[in-house]
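Let me begin by presenting the structure, written as C-alpha cells, before commenting on it.
No value in this document is a laboratory result; all are computed from the given coordinates. All values derive from a computational prediction rather than experimental measurement. Neighbour counts are summed over all protein chains in view; Cβ atoms, including those assigned to glycine, are modelled from backbone coordinates with ideal geometry.
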Amino acid sequence: MRDDRIEAATAPLRDDIRYLGGILGETIRDHDGPEVFDLVERVRLEAFKVRRSEVGRDAVADMLRGIDVRVAIPLIRAFNHFLLLANLAEDLQRDRRQAVHIEAGEPPQPSSLAATFLELDKARPDGAVVADLLTDALVSPVITAHPTETRRRTVFDVQSAITDLMRRRQRYRPHEPERAVLDREIRRQVLTLWRTALIRLARLRIQDEIEVGLRYYELTLLEVIPRINAEVRAALRDRWPDRDLLPRPILRPGSWIGGDRDGNPNVTGEVVERATRRAGATAFGHYLRELAGLERTLSQSARLVPVTPAVAALADAGFDESPQRADEPYRRAIRGIRARLSATSLRALGEIPSEGVDPGAGGGPGSDPRHAAGPWEYRAADRARPYAGPAEFLADLDSIDESLRASGDGLLADDRLAALRGAIETFGFHLQGLDQRQNSEVHEQVVAELLAWAGVHPDYASLAEAERVELLSHELTVRRPLLGPTAVLSEVAERELGVLRSAKSALDDLGPDTVPNYIISMCTSVSDLLEAALLLQEAGILDPGDAHTPPSSPVGVVPLFETIDDLRQGAQTLTAALAVPAYRALVRARGDAQEVMLGYSDSNKDGGYLAANWALYRAELDLVEAARKTGIRLRLFHGRGGTVGRGGGRSYDAILAQPAGAVRGSLRLTEQGEVISTKYADSGTAHRNLESLVAGTLESTLLDVEGLGADADPAYAVFDELAELARVAYAKLVHETPGFVTYFRESTPVAEVADLNLGSRPASRKPSNSVTDLRAIPWVMAWSQSRVMLPGWYGVGSAIEQWVGGDPDRLATLVDLHRRWPFFRTVMSNLAQVMAKADLDIAAVYADLVTDETLRDTIFGMIRAEFDRTAAVHAAVTGNDQLLADNPSLAESIRNRFPYLEPLNQLQVDLLRRRRAGDTSELVERGILLTMNGLATALRNSG
C-alpha cells in the first residue's frame, strides 16, 4: 500500500497532469473533431488497462493494427503533446518540492551548494590546500548536438509560456478571477502548441543544431551561470579570505556543435565560422541589451552625486552630447561604452547584433542596410575605438562600479551592473568554447599528404611508430609551414585545413578561449597526439617557439580514449607523449595542464555497461598516478551521453563516484539531447542542475568521498573480476552470437534513424555492418526506442551471479561495498533507472519484426534471461525488491507517463512493418519520426 504522505505530496502533480491533459483533450475535440478525440480517449483508456494488467498487450495492438496512417498521425501527435505537458508538470512539481523543503526549514538538499558549504564547514580543509586544489578550477558543461532533439523554437517558446502561466496559476485559489484569466491563456497556448508542427520535416542541418544549442543561453544560461559563479566565489572567499580563490569564474560552458567533425563531413570551415560568429553575436547582443538597460536605470545627476575622475572621463568621450543629459554622467559614460562595444562587434563579427538597438534612437530591424541594429550604433561604431579584449571592456564597467560604491550607491552596483560584469568574466566575447574533434585516422591521412607535398617524407603511413614520433617531433620544432600557395591536396585535407583556418580566425577575432581544445578520437598512440599538434601548427595556431621563446598554443591537444583497450592503455600513452621533449614543452607552456577525454559511449558499446564503467574508473586511477609522476595538472573530460548506456544518470552522483584525485577542481562533461532541454530550458531547473555540477566538483575535490579507505585495493580486485565476467557475458551476445547484427537491425528502428535523416551526423562513421563502426547515439537510441535499453544493464546479472556463486560471504562483500562505495551505488542506481524504463513485453513486439524465427527466439531469449538475472542480483545487493526504491520521483513519473508510451510503441512497430514492406510514403515516414520524438520526450534520456 502506498504511503499516504507520498500520495499527498504527489497530488498536485496528478492534478496538473489531469488539468493540462483535459485542456489538450478539449482542444483536440474542438479543432480536430469528436472522432479523433474519441479515438485518443479509447486508446488512452485501453493503455491504462494494460498498465494495470486488466487486459493483455494485444488489446492496444488490435486497436491500432492496420490503422489508416492519416488517422494515426493525429493520434501520435496527441500522445506526443501529452508527454510534453507531463514533462512541464513534473518540472513544476520539482519546484514545489524544493519550496516545501525550504519553507519547512529542513537542511539543504544534497547536491545543492548550500549543502556542500555545510560539509566544507564541518571539514574545514586548510586554506593552502584549497587554493592549490582549486588552481585553474573549471566546471564546464559542453553542449552537443543530438538527433532526437528536433523540436522547433516555437515549441520551446510555447512550453516556456505554459510553464510560466502554470506557476502564476498556483498563486490563486480556484474561484479568483485572476485564475480564470490564466486558464484562458493556458488554453490559448495549448491550442498554439496543437496547431504547431512538433518537428521539422526537412533534414536537420548543422546550422539548425547551432541555433538550438545557442537557444539555451537566451533562455537561461546568460542569467544563471554568472549568478552561480558569483555565489561560489563569494562563499569560498568568505571562508578563506586570505586566499584569492577563483580569480576566474569556475563555471564556463562549452560546445561541440559545429566543431565536432568525427564522422561528420558536413562540418566545414564555413560551419566553424558560423558557430563561433553566432556565439559571439549572442554574447555581444546580451551585453548591448544590458548596457541599454543600465543606461536607462543609472540616471543619477551630477548635481546630487559626485563621480570619480574615471567615470567623468568616460562621460566626456563625446558619444552623448544631448543637453538633457548634460548632468547625467553615468548615462553618458555608458553611452560611450556602448559605442566602443558596437565598434568591437563590428570589427570581430562584421555586424552589430540587433539586441543592441537603442529604443530611443529611432532605429529598428532593417533600418540599416548592413544589419538589424539601429543607425546610432553604426554611426557611433564608426567613431569609437574597439576594445582590445573583454578585460578592457570590463575595466570600464569596473570604473562605473567603483564610482557608485564611492558615493554610497553600492546597492545599485550590486544589481544589473554586477550581473553584467559577471557575464563578461564568464563569457568574454566568445560566449562558449567550441571544441574541435576529429578521428586520428583522418589526421594520419592529412599529415601524410602534407609531409609528402613538402618533400619531408613520401610515405608517412608506412613508418613505424618510433619513426613517426621522431619525424613529427622534429617538425614541431620548426617554424616554417609545410604548404605553399600552390599546394594541391585532397578534398579531405582541404576540408580539415579549412576548419583549422576558420578556428584560427575565430581565435584572432574573439579571443583565446574561443577554441580551447583539439580532441583526438580513437587516440591510441603518441603519434596521434603529435599529428594533431602539427596540424595546429600548420594552421598558425600553435607556435613552436625557438631558442629564445617557448612554444605556445591557445588550443590544447586532448587525447580521447574510447574503447576498453584504449582506456587500459591511456595512462601509458599519455606518459609516453610527455616523454617527448617537443610535446612536453608544449604542455609546460600551457601551465603543465593536460586534459584527457574519456569516452563512455564507445567503451560501453565495446564491452558492456559494467565493464565500461570499471574500465573508466581504472583508467582514471592510472591517469591520476601518471599525472603525479610526471608533474602535470590533469583535467578529465567525461564524454557522457544522456542515457545511462552512454554514461548518463545524475551528474552529482557521477562526480562523487569518481576515484580519489580524479577531480582536482576541474571537470568537463558533455550534455546531450533531450537532457539539455530537461536541464536548461527553465531558469530554476538550470540553476539546480548547474549548481549540482559545481557542488559535486567541490565536494569531490575538497572532501574524502570515495569511502573505501584501506579497503580500496581489495574492492578494486573484486571489480576487476566482475568487470571481466560482465564483458564476457556481453561479448557472448553482441560480438559472438551469429546473426546478432541482423537481429539488432530488424528488431529496432536503427535503420530508420539513419534513413530518416535524424540530425546532421551520419549514423555510422563509415559504411559497415559492424557494431564497432555504428555510432553510439543510434546504437543506444535504437535500444531505447524498442524498450530493451540493453546498453544500460546487459551483463551485470551474469557477472554478479557467477562471482557470488551462491556464497553468502561473497554476497555480503558486495552488499557492504554497495553501502560504502559511491561508485558501486551509482552503478547500481543508474542500472535500476534503466531497467525501470525497459519493458520486455513491448520489446517482444519489436522482436516480432525479425524475419528469422530461430534467430529471434535465440537472441530475445538471451536478453530476457539476462534481464531477469540482473533484476534478481540488483535486489540481492541493494536489499530493495523495487528497482526505484531509492528514486520515488522517477517511480511516480513512470506511473504517470508510461501508459502513454504503449500506443506510441505499438504504432511505431506497425509503421516500421509497413515501411519495410515497401510503403515509403511521406506520411508513414512522418509517423515513425513522430513516434521516435514522442518516445524520446517520454524517456527524457534516450540516446
Practice task
Please list the non-local residues whose amide H lies under 5 Å from the amide H of SER521, H modeled 1.01 Å from N, same-chain partners needing a gap of 5 or more.
Solution key: GLN438, ASN439, SER440
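Only Lys, Arg, Asp and Glu count, each charged at its Cβ (+1, +1, -1, -1), so figure out the dipole size of the stretch 107-198 about its Cα centre, rounded to 20 debye. Display every interim value, and only then the final one.
On the way: 15 positive and 12 negative charges, 191 e Å.
Computed about the Cα centre, the dipole is about 920 debye.
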Problem - Förster radius 41 Å - calculated FRET efficiency between ALA123 and ALA59, Cβ distance, rounded to 0.05 - result: 0.10
Problem - Positive-pole candidate from SER440, GLN537, SER490, dipole of the stretch 435-639, charges at beta carbon - result: GLN537
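How much length would be gained if the chain were fully extended between ARG167 and THR297, taking 0.36 nm per residue of separation minus their Cα-Cα distance, in nm to one decimal?
Numbers: separation 130, 0.36 × 130 = 46.80 nm, distance 2.85 nm.
Taking 0.36 nm per residue and subtracting the Cα distance, the gain is 44.0 nm.
Using the Cβ atoms and a cut-off under 12 Å, what net charge is assigned to the surroundings of ALA593, where Lys and Arg are +1 and Asp and Glu are -1?
Details: positive: ARG588, ARG590, ARG633, ARG635, ARG664; negative: ASP136, ASP592, GLU595.
The answer is +2.
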Exercise for the section: Excluding GLU176 itself, calculate the net charge of residues whose Cβ lies under 14 Å from the Cβ of GLU176, where each Lys or Arg counts +1 and each Asp or Glu counts -1. Expected result: +4
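With a 10 Å Cβ neighbour count serving as the proxy for reagent exposure, in which order, fewest first, do GLU531, GLU699, GLU425 appear? Intermediate results must be reported in sequence, preceding the final value.
Numbers: GLU531 27, GLU699 22, GLU425 19.
If I rank by nearby Cβ atoms, fewest first, I get GLU425, GLU699, GLU531.
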Practice task
In whole angstrom, note down how far apart the Cα centers of the stretch 459-531 and the stretch 806-860 are.
Solution key: 44
Problem - Formal net charge of residues neighbouring HIS31 (Cβ-Cβ distance under 14 Å; K, R +1; D, E -1) - result: +1
Handout entry: ASP15-ARG237 pseudo-label distance in nm [points 7 Å out on the Cα-to-Cβ vector]
Key = 4.5
Problem - Cross-link reach list, lysines versus LYS732, counting only Cα pairs under 18 Å and skipping chain neighbours closer than eight places - result: LYS605
Exercise for the section: Calculate the dipole size of the chain relative to its Cα centre from +1 charges on Lys and Arg beta carbons and -1 charges on Asp and Glu beta carbons; express the result in debye to the nearest 20. Expected result: 1900
Exercise for the section: Work out the FRET efficiency for GLU35 and VAL718 from their Cβ-Cβ distance, taking R0 = 56 Å, and round it to the nearest 0.05. Expected result: 0.40
Practice task
Counting other beta carbons within 10 Å of each Cβ, put ARG124, ARG825 in order, fewest first.
Solution key: ARG124, ARG825
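Kindly identify the stretch 384-465 as rounded, prolate or oblate by the Cα gyration tensor criterion: order the square roots of the eigenvalues as a ≥ b ≥ c, call it rounded if a/c is under 1.5, otherwise compare a/b with b/c, prolate if a/b is larger, else oblate.
Numbers: a/c = 6.43, a/b = 3.78, b/c = 1.70.
It comes out prolate by the Cα gyration axes.
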Problem - Overall form of the stretch 230-319 per C-alpha gyration tensor (a/c, 1.5; a/b vs b/c) - result: oblate
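Express in nm, to one decimal, how much length is gained between ALA593 and GLU176 on full extension, taking 0.36 nm for each residue of separation and deducting their alpha carbon distance. Show your work: numbers first, answer last.
On the way: separation 417, 0.36 × 417 = 150.12 nm, distance 6.06 nm.
Contour length minus the Cα-Cα distance gives 144.1 nm.
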Completion exercise
In the chain, taking the dipole from +1 charges on Lys and Arg beta carbons and -1 charges on Asp and Glu beta carbons about the Cα centre, the listed residue (GLY556, GLN802, GLY280) farthest towards the positive end is GLY280
Handout entry: For the chain: relative contact order, % (alpha-carbon pairs under 8 angstrom, 6 or more apart)
Key = 15
Exercise for the section: Take ALA872, project a point 7 Å from its Cα along the Cβ direction, then tell me which residues of the stretch 809-836 have their backbone nitrogen under 16 Å from it. Expected result: 811
Exercise for the section: Grab the Cα-Cα distance for PHE156 and ARG568, subtract it from 0.36 nm times how many residues apart they are, and report the gain in nm with one decimal. Expected result: 144.1 nm
Fill in the blank from the handout: Ordered by fewest other Cβ atoms within 10 Å, a rough proxy for footprinting exposure, THR524, THR748, THR135 read THR135, THR524, THR748
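On a 24 Å Cα-Cα criterion, which of the cross-link pairs LYS49/LYS837; LYS504/LYS679; LYS679/LYS837 come out too long? Mind showing how you got there, number by number?
On the way: LYS49/LYS837 18 Å; LYS504/LYS679 32 Å; LYS679/LYS837 19 Å.
Distance filter (> 24 Å) returns LYS504/LYS679.
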Completion exercise
One finds, for GLU494 and GLU441 with R0 = 25 angstrom and r their Cβ-Cβ distance, a FRET efficiency to the nearest 0.05 of 0.90
Completion exercise
Of the residues GLY22, PRO107, VAL55, the Cα lying farthest along the dipole of the stretch 1-118 towards its positive end, which is defined by charges on the beta carbon of Lys, Arg, Asp and Glu, belongs to VAL55
Fill in the blank from the handout: Applying the gyration tensor rule to the Cα atoms of the stretch 435-639 (axes a ≥ b ≥ c; rounded if a/c under 1.5, else prolate if a/b exceeds b/c, else oblate), the class is prolate
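Looking at the chain only, what percent of DSSP beta bridges run antiparallel? Nearest 5 please.
Numbers: 4 of 36 bridges.
Around 10 percent of the beta bridges assigned by DSSP in the chain are antiparallel ones.
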